[in-house]
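Everything below concerns the one structure shown next.
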Amino acid sequence: MLKEFRTLSNGIKIPKIGFGTWQIKNGDEAYNSVSLALKNGYIHIDSANGYANEESVGKAIKDAKIPRDKLFVTSKLPSHIKNYKDAKKSFEETLENFGFDYLDLYLIHAPWPWDSIGSNHDLGNIEAWKAMEEFYKAGKIKAIGVSNFSPDDIKNIIEHCEITPHVNQIGFYIGRDQDGTLAYCKENNILVEAYSPLATGKILNHPTILKMAKKYNVSPAQICIRYCLDRNTVPLPKSTHENRIIENSKVDFNISSEDMKVLINLRNVEK
Ligand code: A2P
């Protein structure tokens, strides 16, 4: 499963499951978690400048001695950077933090700064996107995308820029209804990545998910990850424990279409 791929609209192959690193601290924690993920077959690592762990992630990748072109590494432009010049500078810093000469995927982390969620930055997003388009054309980024973007935020990019985003990374898990965004992305050939596929652990004790896990003889986390795959998203589960890192990659089973309907209709799942 870790070596299976989806194809982005520009032909670039993206591994179907990625290892998420949000909330993993720079230093030993990030270094050890990413090292364990790589040791156990993950080839897709999702990071962000805003996670402040690019250096340790980069070091773990380098020390794993896996050829760079066999890996898929993502990072993100900090959410408060909404102009061309700073976007260019920030990307260069990100490459330096990792010690890479290119990234596989680079995303605008959010349509608004985290400290003013919902504020309008249409012009700033266009400026940042134009900087990213330049790096993309120069071969320094293999695919470019956005994160936490609504259909309207994406429309703004499509209408005013040259390249349609290849990816939109959103918070997606059982009970979090993102149907409008999923449908819009599908229509526009934009792959959806699911961050927090386990709702940061908050849905793992839900009775329906527990019942389903028992039925399929898997763990609740595996039900959650399989659900994301079956909704045609690329899940990015995060863990700092080797047994869970391995467990989260063993999702080669089928949830029946009836059971998928039950999961799709669950609401108020988070505890
Ligand atoms: P830990 O890092 O201590 O293993 P998400 O991917 O939705 O952000 O969820 C991450 C949270 O879920 C983390 O707190 C992580 O804890 C926990 N977690 C990850 N994998 C599993 C698993 N297989 N079983 C139980 N909890 C898990």
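The values are calculated or read from the model by the stated rules, or taken from the named source; none is laboratory data. Everything numeric here is computed off the predicted structure, so don't read it as measured data. Here the Cβ positions follow ideal geometry from the backbone for every residue, glycine too, while neighbour counts run over all protein chains shown. Side chains included, ligands, DNA and RNA excluded: accessible areas come from the protein's heavy atoms. Shrake-Rupley method; radii C 1.70, N 1.55, O 1.52, S 1.80 Å.
Observations on the structure shown:
- Every helix of 4 or more DSSP H residues in the chain counts as -39500 (n - 2.57), and over all residues that averages to -12000 deg cm²/dmol at 222 nm.
- Cα-centred dipole magnitude for segment 154-212, charges only on beta-carbon of K, R (+1) and D, E (-1), debye, nearest 20: 360
- Going by accessible surface with a 1.4 Å probe and the largest first, Tyr51, Tyr227 read Tyr51, Tyr227.
- Charge sum, other residues only, whose C-beta stays under 9 Å from Glu270's C-beta, Lys/Arg counted +1 and Asp/Glu -1: +3
- Between segment 161-179 and segment 48-86, the alpha-carbon centres lie 20 Å apart.
- To the nearest 10, the accessible area of Glu193 is 0 Å² with a 1.4 Å probe.
- Taken about its Cα centre, segment 204-259 carries a charge dipole of about 140 debye when Lys and Arg each add +1 at the Cβ and Asp and Glu each add -1 at the Cβ.
- Solvent-accessible surface of protein heavy atoms, probed at 1.4 angstrom with all chains present, puts Arg68, Arg244 in the order Arg244, Arg68, largest first.
- About the Cα centre, charge dipole magnitude for the chain (Lys/Arg +1, Asp/Glu -1 at Cβ), debye: 860
- Selected from Thr164, Thr233, Ile154, residue furthest toward positive end of dipole (segment 135-266; charges at beta carbon): Thr233
- Accessible carbon and sulfur surface of segment 12-75 relative to its total accessible area, %, 1.4 Å: 52
- Estimated at 0.36 nm per residue, the fully extended path between Leu210 and Asn268 surpasses their Cα-Cα distance by 19.3 nm.
- Given charges at Cβ of Lys, Arg, Asp, Glu: the chain dipole, positive-most of Ala128, Gly18, Ser116: Gly18
- Residues Asp122, Asp104, ordered by accessible area of protein heavy atoms at a 1.4 angstrom probe radius and largest first, appear as Asp122, Asp104.
- Summing charges over neighbours of Lys215, with a neighbour being any other residue whose Cβ is under 12 Å away from its Cβ, gives 0 when K and R count +1 and D and E count -1.
- Net charge of Cβ neighbours under 14 Å - reference Val167; Lys, Arg +1; Asp, Glu -1: +2
- Area of Lys130 that stays accessible when all protein chains are in place (1.4 Å probe, Å², to 10): 90
- Computed over protein heavy atoms with a 1.4 Å probe, the accessible surface of the chain works out to 45 Å² per residue.
- Dividing the Cα radius of gyration of the chain by its Kirkwood radius returns 0.95 for Rg/Rh.
- The figure for Lys16 is an accessible area of roughly 50 square angstrom, using a 1.4 Å probe on the protein chains alone.
- Of the solvent-accessible surface of segment 121-177, computed with a 1.4 Å probe and all protein chains present, 46% belongs to carbon and sulfur.
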